[in-house]
Amino acid sequence: STFNRAVALAEKEFPRAGLTEDDCDVYVADVRRRVRRAWIPPKDETASAVIIVFTTHQDGHIDHPSIIQSSGSELVDSSAVKGILDASPFECLPLGSPKSIVIKLKLDPRVDLVPQVAPSPIGKFRNF
C-alpha cells in the first residue's frame, strides 16, 4: 500500500538524516496534542476510534489526511479530519529530518473528548 511504502521510505531515511527515535516521538506527541486541542468530536456513543494518516512536510504543512480505519460514524470521521486540518500547519520537522514524514493518528471520541470551554472571570475563554 502507499502508506506502507511511505513508512518504509521514512524509516530508511531517519538513520541517514540523524533523526533519532526520541526526536520523532516528541514531534508526533506535539502533533497529537495540537490535534486533540483542535478536534471537537461529536457525541456518538456507538462510534469507535478513527485512524487517520497524513504526510507532514519539513515546513509543517500537511497533505490531506486520509482515513485508513473508520470509526463507524461519518460525523466522527469528518470531524477528526477537520481537527487535523484546523491544527495544521504544525511546527517544522526537527533538524535532520527527511523532507517529509508519515504520521498515523488514532483518535477515539470516547477518550479524546475536549472539555467544554467557558468564560474565565476576566472575560477570556479558557480550557479546564
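Filter the range 31-71 for residues that are more than 22 Å from Ser97 (Cα to Cα) and among the polar types (S, T, N, Q); which is farthest from the chain's Cα centre (by Cα)?
Applying the first criterion (more than 22 Å from Ser97 (Cα to Cα)) to the range 31-71 yields 36-51, 66-71.
With the extra rule that they be among the polar types (S, T, N, Q), the set shrinks to 46, 48, 66, 69-71.
Numbers: Thr46: 22, Ser48: 17, Ser66: 11, Gln69: 14, Ser70: 15, Ser71: 15 Å.
Selected residue: Thr46.
If Gly123 satisfies every condition in (1) loosely packed, with under 12 Cβ neighbours inside 10 Å; (2) small (Gly, Ala, Ser); (3) modelled with pLDDT of 90 or more but one, which is the exception?
(3)
Please work out if Asp77 is open to solvent by 20 Å² or more (accessible area, probe 1.4 Å), more than 20 Å from Cys24 (Cα to Cα) and of a type in the set (D, E, K, R). Don't jump to the end; show me each part of the working.
On the way: open to solvent by 20 Å² or more (accessible area, probe 1.4 Å): no; more than 20 Å from Cys24 (Cα to Cα): yes; of a type in the set (D, E, K, R): yes.
Answer is no for this residue.
Considering only the range 54-74, state which residues are open to solvent by 20 Å² or more (accessible area, probe 1.4 Å) and part of a strand (DSSP E or B).
Thr55, His57, Ile62, Ser66, Ile67, Ile68, Gln69
Can you tell me which residues in the range 27-53 are surrounded by 14 or more Cβ atoms within 10 Å (Cβ to Cβ) and hydroxyl-bearing (Ser, Thr, Tyr)?
Passing the criteria: Tyr27, Ser48.
Within the range 27-45, which residues are part of a helix (DSSP H, G or I) and either of a type in the set (D, E, K, R) or in contact (Cβ under 8 Å) with a residue 24 or more places away in the chain (or both)? Break it down into steps so the answer makes sense when it comes.
Of the residues in the range 27-45, the ones part of a helix (DSSP H, G or I) are 27-38.
Matches in the range 27-45: Tyr27, Val28, Asp30, Val31, Arg32, Arg33, Arg34, Val35, Arg36, Arg37, Ala38.
Kindly check whether there is at least one residue in the range 30-38 that is out of contact with any Asp or Glu (no Cβ under 7 Å at 6 or more places or on another chain) and at pLDDT below 85.
Within the range 30-38, the first condition is being out of contact with any Asp or Glu (no Cβ under 7 Å at 6 or more places or on another chain), and the residues that meet it are 31-35, 37.
Remaining after also requiring at pLDDT below 85: none.
No; the residues of the range 30-38 include none that is out of contact with any Asp or Glu (no Cβ under 7 Å at 6 or more places or on another chain) and at pLDDT below 85.
The values are calculated or read from the model by the stated rules, or taken from the named source; none is laboratory data. If you're wondering where the values come from, they're calculated on a predicted model, not measured in any experiment. Cβ sites come from the backbone with ideal geometry, for glycine too, and all protein chains shown count toward neighbours. Note: accessible area is taken over every heavy atom of the protein model, side chains too, but ligands, DNA and RNA are not part of it. Shrake-Rupley method; radii C 1.70, N 1.55, O 1.52, S 1.80 Å.
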